[in-house]
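Reviewing the structure listed below.
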Amino acid sequence: MEGKDMLSWIEANAGKTYKNYVDGEWVESTGKKTYPLYHVARKDQLLGYFPDSREEDVELAVQAAHRAFQTWSKLPGPERGAILLRFADLLERDAEELAFRLSAEQGKTLGESRGEVARAAKETRYAAGEAFRIEGETLPSERPNVWNSTIRVPIGVVAAIAPWNFPVITPVRKIAPALAYGCTVVSKPASNTPWAMVKLIELLEEAGVPKGVVNLVNGSGSRVGQPLVSHPLVRGISFTGSTKQGLAIQETAAKRLARTQLELGGKNPAIVLNHHDLAYVAKQIVSAAFACSGQRCTAISRVIVLKQHAAALTEALRQEMKAIKVGPAWEPGVTMGPLVSKEHLDTVQSYIEIGKSEGARLVVGGDILSAGEYANGYYMTPALFAEVTAEMRIAREEIFGPVLSVIAVRDEEEALAIANSVEYGLAASVFTDDLSSAYRFAERLESGMVHINHGTASAAHLPFGGVKHSGFGAYSIGHSNQEFFTELKVVYVQY
């Protein structure tokens, strides 16, 4: 019945016209233009019309957030935290509706969507606790009768720019800590996944967030994102998306010394050394590679394995991938949904052809699915390449889709060198029975996050971020957020 519940709910709720949310009110964009959003797995089904906003809408939202900051920043932290705790409860109460919206606009399975909402509630509760933990220090003085201390103060208005692959958790990951630390927010969702964001705003309002504290402006990167990043009252930009776009944002922000928190691309390796259970290793890698149809920054896309294990591991990966069932979110047993758009499917398919032309061997998958129900979405079977070398484009460039490459190496030093040879450094997994190897790789990998003997799954209370071209600024999720959402102030008191 679950799949039918989703389809019937969408049928009953699709087709509405939505607005921006500015200063506590739902308002039309100043240009009064909208654009249609369609169901990813039923591309002829209209989900709704959303504002095609422009710079004037950004101005209204930023001004509202700036006004609200004057009072919100002075509200005691525990009171801000209490509102966030109510928001977490509401996320869980309406988790099914959020999952329906998310799966419809993005394509991921209902199980993945439910997991995303549950994770959002967990991270919100952690952020609520951060409102009680805004830290400073009291330090000895070099002079008599002087009290020295440091305090943390919120930076002001924050732009929260989210991607299309995680339309619930990523906005929450930005908004919840911003509110906990006393900042106000202008949120811009991705143009092709704005539906769940409308529900998030409704829940924040119901939780008691005062008007102007969180604002929502829908629209394109050029007409909304760029004016938002450039606005002089926006003191911080939290962005998740492509490295190319992140570098452009960093350049704009640097010219006016605005802070940035950038979560960017990845080309994440799974390094397989000597491990006693290759079936377990394959299960962990496949889960991490093909969740969200491979459309996530922490997806494993390279398997770097010692030569003596390469054939056996490749076969174990092939066997594990046979269990993947591709289909629409509502279909029972489906474990991988469609890609987000035809354009993205075409891009991923172009990499399949690149891999073949470079001399890699396509072991399994990579086929477009278009018969029957598949004709209504952008489906492909997950692909596994073997005999890949480190110089190939499929081994170096972020594909952001369900494509996995196996690279065989002579020894641990070559494995480490190849793992570190790309421009990215987000997440890495290492599979080994040797404790010394585990610690050596954890120390020497150029990666923001290292997972030993499991896939690239993060926790709701630990810092999340990358190095090199995978990220810049304070890591998100954990207490490291304090470094982005607050600034340090030093206080001297003579008595």
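The values are calculated or read from the model by the stated rules, or taken from the named source; none is laboratory data. All figures in this text were calculated on a predicted structure; none of them were measured in a lab. Here Cβ is always computed from backbone atoms with ideal geometry, including for glycine, and neighbour counts include all displayed protein chains.
Scan region 280-293 and give yes if some residue there is in contact with a His (Cβ under 9 Å, 6 or more places away or on another chain), among the β-branched types (Val, Ile, Thr) and at pLDDT 95 or above, otherwise no.
Yes; the residues of region 280-293 include at least one that is in contact with a His (Cβ under 9 Å, 6 or more places away or on another chain), among the β-branched types (Val, Ile, Thr) and at pLDDT 95 or above.
Search region 367-384 for residues that are in the same structural domain as VAL326 (by TED's automatic domain parsing) and pair each with any residue that is basic (Lys, Arg) and at pLDDT below 95 when their beta-carbon atoms are under 7 Å apart and the residues are at least 6 apart or on different chains.
Going by the 7 Å Cβ cut-off, the qualifying pairs are ASN376/LYS43; GLY377/LYS43.
How many residues, within region 304-320, are touching a helix residue (DSSP H, G or I) at 6+ places or on another chain (Cβ under 6 Å) and either free of Cβ contacts under 8 Å to residues at least 60 places away in the same chain or under 16 Å from GLY401 (Cβ atoms) (or both)?
Matching residues across region 304-320 total 3.
List the number of the failed condition for ALA159; all other conditions in (1) surrounded by fewer than 21 Cβ atoms within 10 Å (Cβ to Cβ); (2) part of a strand (DSSP E or B); (3) not charged (D, E, K, R) hold.
Among (1) surrounded by fewer than 21 Cβ atoms within 10 Å (Cβ to Cβ); (2) part of a strand (DSSP E or B); (3) not charged (D, E, K, R), the lone unmet condition for ALA159 is (1).
Could you tell me which residue of region 82-137 is nearest to SER293 (Cα to Cα), considering only residues that are surrounded by fewer than 24 Cβ atoms within 10 Å (Cβ to Cβ) and basic (Lys, Arg)?
Only one residue tops the list, namely ARG114.
Going by the structure shown, is GLU414 under 28 Å from the mean Cα position of the chain (by Cα) and charged (D, E, K, R)?
The answer is no for GLU414.
List the residue pairs whose Cβ atoms are under 9 Å apart, where the first residue sits in region 215-244 and is under 19 Å from ALA64 (Cα atoms) and modelled with pLDDT of 95 or more, the second is among the acidic types (Asp, Glu) and in a strand (DSSP E or B), and the two are 6 or more positions apart or on different chains.
Pairs that qualify, where the first residue is under 19 Å from ALA64 (Cα atoms) and modelled with pLDDT of 95 or more and the partner is among the acidic types (Asp, Glu) and in a strand (DSSP E or B), are ARG235/GLU487; SER238/GLU263.
Answer yes or no: is there a residue in region 135-149 that is in contact with a helix residue (DSSP H, G or I) (Cβ under 6 Å, 6 or more places away or on another chain), closer than 27 Å to LYS74 by Cβ, in contact (Cβ under 8 Å) with a residue 40 or more places away in the chain and acidic (Asp, Glu).
No, that holds for no residue.
May I ask you to list the residues in region 438-467 that are among the β-branched types (Val, Ile, Thr) and closer than 21 Å to GLU423 by Cβ?
Correct list: VAL450, THR456, VAL467.
Which is within 28 Å of HIS461 (Cβ to Cβ) and in contact with a helix residue (DSSP H, G or I) (Cβ under 9 Å, 6 or more places away or on another chain), of ALA99, ALA104, ALA41?
Just a single option satisfies the conditions, and that option is ALA99.
In the same structural domain as GLU56 (by TED's automatic domain parsing), in contact with a Pro (Cβ under 6 Å, 6 or more places away or on another chain) and either within 17 Å of ILE407 (Cβ to Cβ) or at pLDDT 95 or above (or both): is that true of THR252 in this structure?
No.
Would you check which residues across region 431-464 are of a type in the set (Gly, Ala, Ser) and either on the phi > 0 side of the Ramachandran plot or exposed (fewer than 15 other Cβ atoms within 10 Å of the Cβ) (or both) and list them?
Across region 431-464, the qualifying residues are SER436, ALA442, ALA457, ALA459.
Only one of (1) β-branched (Val, Ile, Thr); (2) surrounded by 24 or more Cβ atoms within 10 Å (Cβ to Cβ); (3) not assigned by TED's automatic domain parsing to the domain that holds ASP57 fails for VAL326. Which number is that?
Failed condition: (2).
In region 412-428, which residues are crowded, with 17+ Cβ neighbours inside 10 Å and farther than 22 Å from SER480 by Cα?
GLU412, ALA415, LEU416, ILE418, ALA419, VAL422
Mind listing just one residue for me: the one in region 288-345 that is over 16 Å from TYR374 (Cβ atoms) and assigned to a strand (DSSP E or B) and, of those, nearest to the chain's Cα centre (by Cα)?
ILE300
Given the condition among the aromatic types (Phe, Trp, Tyr), crowded, with 22+ Cβ neighbours inside 10 Å and under 28 Å from the mean Cα position of the chain (by Cα), answer yes or no: does some residue in region 366-382 qualify?
For region 366-382, residues among the aromatic types (Phe, Trp, Tyr), crowded, with 22+ Cβ neighbours inside 10 Å and under 28 Å from the mean Cα position of the chain (by Cα): present.
Please go through region 261-284 and pick out each residue that is among the acidic types (Asp, Glu) and buried (at least 24 other Cβ atoms within 10 Å of the Cβ). First the steps, then the outcome.
To start, the set of residues in region 261-284 that are among the acidic types (Asp, Glu) comprises 263, 277.
Across region 261-284, the qualifying residue is only GLU263.
Scan region 307-323 for residues that are surrounded by 20 or more Cβ atoms within 10 Å (Cβ to Cβ), within 12 Å of VAL281 (Cβ to Cβ) and of a type in the set (A, V, I, L, M) and jot them down.
Here is the first cut: in region 307-323, the ones surrounded by 20 or more Cβ atoms within 10 Å (Cβ to Cβ) are 313-314, 316-317, 320-321.
Right, trim to within 12 Å of VAL281 (Cβ to Cβ) and you get 313-314, 316-317, 320.
Of everything in region 307-323, those that are surrounded by 20 or more Cβ atoms within 10 Å (Cβ to Cβ), within 12 Å of VAL281 (Cβ to Cβ) and of a type in the set (A, V, I, L, M) turn out to be LEU313, ALA316, LEU317.
Exactly one condition in (1) over 30 Å from ILE10 (Cβ atoms); (2) in contact with a His (Cβ under 9 Å, 6 or more places away or on another chain); (3) surrounded by fewer than 20 Cβ atoms within 10 Å (Cβ to Cβ) is false for VAL62; which is it?
(3)
How about region 392-495: which helices (runs of 4 or more DSSP H) wholly inside it have at least 3 residues that are touching a residue at least 60 places away in the same chain (Cβ under 8 Å) and either among the hydroxyl-bearing types (Ser, Thr, Tyr) or not assigned by TED's automatic domain parsing to the domain that holds THR347 (or both)?
Because the criterion is at least 3 residues that are touching a residue at least 60 places away in the same chain (Cβ under 8 Å) and either among the hydroxyl-bearing types (Ser, Thr, Tyr) or not assigned by TED's automatic domain parsing to the domain that holds THR347 (or both), the helices (runs of 4 or more DSSP H) in region 392-495 that meet it are 482-485.
Please work out if LEU345 is surrounded by 14 or more Cβ atoms within 10 Å (Cβ to Cβ), in contact with a Leu (Cβ under 6 Å, 6 or more places away or on another chain) and touching a residue at least 24 places away in the same chain (Cβ under 8 Å).
Numbers: surrounded by 14 or more Cβ atoms within 10 Å (Cβ to Cβ): yes; in contact with a Leu (Cβ under 6 Å, 6 or more places away or on another chain): yes; touching a residue at least 24 places away in the same chain (Cβ under 8 Å): yes.
Considered against the rule, which asks whether it is surrounded by 14 or more Cβ atoms within 10 Å (Cβ to Cβ), in contact with a Leu (Cβ under 6 Å, 6 or more places away or on another chain) and touching a residue at least 24 places away in the same chain (Cβ under 8 Å), LEU345 comes out as yes.
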